[in-house]
1. If you check G82, G15, G63, G11, which single one turns out to be closer than 20 Å to R120 by Cα, in contact (Cβ under 8 Å) with a residue 24 or more places away in the chain and not charged (D, E, K, R)?
2. Can you go through G125, G154, G160 and tell me which one is surrounded by 12 or more Cβ atoms within 10 Å (Cβ to Cβ) and modelled with pLDDT under 95?
3. So, in the stretch 88-102, of the ones that are polar (S, T, N, Q) and in contact with a helix residue (DSSP H, G or I) (Cβ under 8 Å, 6 or more places away or on another chain), which residue ends up farthest from A151 (Cα to Cα)?
4. Touching a helix residue (DSSP H, G or I) at 6+ places or on another chain (Cβ under 9 Å) and either more than 24 Å from V35 (Cα to Cα) or part of a helix (DSSP H, G or I) (or both): which single residue out of L144, L85, L116 fits that description?
5. Applying the selection to the stretch 128-151, what residues are under 18 Å from I78 (Cα atoms), touching a residue at least 24 places away in the same chain (Cβ under 8 Å) and surrounded by fewer than 19 Cβ atoms within 10 Å (Cβ to Cβ)?
Amino acid sequence: MPNSKVVVVTGVSSGIGRATAIKFAQMGCRVFGTVRNIEKAQSIEGVELIEMDVRDETAVQNGVQAIIAQANRIDVVINSAGVTLLGATEETSIAEAQSLFDTNVFGILRVVKAVLPYMREQGSGRIVNISSVLGFLPAPYMGLYSASKHAVEGLSETSGS
C-alpha cells in the first residue's frame, strides 16, 4: 500500500474512533490508531496502534513523529479521542472540568499543532475534529461536556484561516 492515504485516528479504543479506523482500513488506507495505553488496547485488523495520550504534549509529539518515521506523511487526521461528563454543573469539581477540557479541547489542539507542520511541508492534508450534537444543542446535565464541544465547534470553524 505505498500509495494509499495515511490516516491517523485518535481514540481508537472504542466508539466513533474505533469504527472510523476500521472503515478507513477497509477502504485500503494505511491507518494509525492512537490509544492511551498500548498494553491494554485491543488490536484492530489493518490498524497500526500508536501509544499517544492527547493530554500529554510529549506523547503527542512522539506519537506523530513515530507515524512520520514509519509512513513519511500524514494525509488525514481524525481527532476522535474524547471523554464525557454527565452531571449537574454545580456538582462538578474544577479538576473534573479541567480534565474534560484537557482531553476534548486541548487534546485536539495538541494534535493539530503537531501534524500541521508536516501537512504544510507536504502541501496537503485534512483534519477532521469529531464533536457532538451537544456542541450546538446543549442538554440538561451535560453543561460542561456541551461547553467542551462548543469549544471544539468554534476551534474547527475558525481553524485554517
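The values are calculated or read from the model by the stated rules, or taken from the named source; none is laboratory data. Given the structure is predicted, the values throughout are model-derived calculations rather than measurements. With ideal geometry, Cβ positions are generated from the backbone for all residues, glycine too; neighbour counts draw on all protein chains shown.
1. Details: G82 fails: closer than 20 Å to R120 by Cα; G15 fails: closer than 20 Å to R120 by Cα; G11 fails: closer than 20 Å to R120 by Cα.
Testing whether each residue is closer than 20 Å to R120 by Cα, in contact (Cβ under 8 Å) with a residue 24 or more places away in the chain and not charged (D, E, K, R) leaves just G63.
2. On the way: G125 fails: modelled with pLDDT under 95; G160 fails: surrounded by 12 or more Cβ atoms within 10 Å (Cβ to Cβ).
Answer to the selection: G154.
3. Pass one, the stretch 88-102, residues polar (S, T, N, Q): 89, 92-93, 98-99.
Okay, now just the ones that are also in contact with a helix residue (DSSP H, G or I) (Cβ under 8 Å, 6 or more places away or on another chain), so 89, 92.
Details: T89: 17, T92: 18 Å.
Across the stretch 88-102, the extreme among qualifying residues is T92.
4. None of the others qualify; the one that does is L144.
5. V128, A151
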